[in-house]
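A.B. asks: For reference, the structure I am asking about is given below.
The values are calculated or read from the model by the stated rules, or taken from the named source; none is laboratory data. Because the structure is a prediction, the values reported are computed rather than measured. With ideal geometry, Cβ positions are generated from the backbone for all residues, glycine too; neighbour counts draw on all protein chains shown. We work out accessible area using only protein heavy atoms, side chains counted, and drop any ligands, DNA or RNA first. Shrake-Rupley method; radii C 1.70, N 1.55, O 1.52, S 1.80 Å.
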Amino acid sequence: MKLILLGPPGAGKGTQAAMLVERFGIPQISTGDMLRTAVRDQTDMGKKAKAFMDAGGLVPDEVVVGIVRERLQNADCDSGFILDGFPRTVPQADALKQSLSALGKDLDAVVSLQVDTEALVERLTGRRSCGGCGKGYHIKFDPPVQDGICDSCSAVLIQRDDDQEATIRNRMDVYHEQTAPLEDYYRQDNLLRSVDGMADIAAVQDQILRTLQAD
Ligand code: ADP
Ligand code: AMP
């Protein structure tokens, strides 16, 4: 299964990807996670990416295209992968096509999660993640058993710096300008599958699985 999860920030891509990883045993490739790790470790790439991320803008195409191209060559991608947060621009989508074609691979589907803007803001302001294992939560929609503590590893939950309302609005604008055109891009390739992302987490997962089985 070679899949892209498309959708605005907060649509549920990471949440759904984690469930698909469990089900299909294929890796989640999240450019956001990879970039945050690079920022935390203060690598050259992290230093380049930080200002863009803090402002809610996009990191330059050549940076993310390079990390995904490399990642796709790992043996764990042989039986499939879930791209989460990549591609985000038409040049990134073109570069992905090239990388996959060089590897003799084709995408199976692009699942686009549809969520209203106001719901996105509520999801992002309430999003928390585990500082230890990275597991995602929501203070209202997917809370941990014990407030502020990860169910899986008991580490403290943290809030992303870019999940502040001002930055969120900027990220939404960037999504509409630069990423939303990818819906048409993949529709033309007959890969686009729209899913109602407003439903609860389990119901969205069911819809995604049904869409994939229908292919
Ligand atoms: P993305 O990866 O698309 O930015 P996330 O998967 O991180 O989005 O989800 C954003 C927040 O919304 C998280 O706190 C998550 O727990 C919550 N969430 C995800 N899917 C749903 C849903 N279907 N209904 C309500 N909350 C959700
Ligand atoms: P995410 O975790 O997907 O919400 O991404 C967090 C931030 O990382 C984004 O706001 C961007 O600054 C950066 N980022 C993640 N993926 C990409 C990408 N494919 N292209 C450019 N920037 C990205």
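A.B. asks: What percent does the relative contact order of the chain come to when contacts are Cα pairs within less than 8 Å and at least six residues apart?
C.D. replies: Reported relative contact order: 29 percent.
A.B. asks: Calculate what fraction, in whole %, of the accessible area of region 1-150 sits on carbon and sulfur atoms when a 1.4 Å probe is rolled over the protein chains.
C.D. replies: Values: 3510 of 7120 Å².
Roughly 49 percent, rounded to a whole number.
A.B. asks: Where the accessible area of region 154-209 is counted over protein heavy atoms with a 1.4 Å probe, how much of it, in %, is carbon and sulfur? Don't skip to the answer; put the middle values down first.
C.D. replies: Values: 1400 of 3040 Å².
Looking at region 154-209 in its full context, I get 46 percent from C and S.
A.B. asks: Separate question: Output the relative contact order of region 119-194, whole-number percent, from Cα pairs under 8 angstrom with separation of 6+ residues.
C.D. replies: 25 percent
A.B. asks: Would you give the gap between the C-alpha center of region 164-193 and the C-alpha center of region 20-51, rounded to a whole Å?
C.D. replies: 19 Å
A.B. asks: So what is the accessible area of the chain per residue, in Å², with the probe set to 1.4 Å?
C.D. replies: Numbers: 10900 Å² over 215 residues.
Computed with neighbouring chains in place, this is 51 Å² per residue.
A.B. asks: For region 4-125, give the magnitude of the charge dipole about the Cα centre (Cβ charges: +1 Lys/Arg, -1 Asp/Glu; no others), in debye to the nearest 20.
C.D. replies: Around 200 debye, computed over region 4-125.
A.B. asks: Moving on to the next point. Could you sort 176, 138 by accessible area so the largest value comes first, with the probe set to 1.4 Å?
C.D. replies: 176, 138
A.B. asks: Using a simple charge model, +1 on the beta-carbon of Lys and Arg, -1 on the beta-carbon of Asp and Glu, nothing else, what dipole does the chain show about its Cα centre, in debye to the nearest 20? Present the calculation step by step, with values, prior to reporting the outcome.
C.D. replies: Numbers: 24 positive and 33 negative charges, 70 e Å.
Computed about the Cα centre, the dipole is about 340 debye.
A.B. asks: Would you grab the residues whose amide H sits under 5 Å from the one on residue 6? Only those 5+ places off in sequence or on another chain, please, with H modelled 1.01 Å from N.
C.D. replies: Long-range HN contacts for residue 6: 111, 112, 113.
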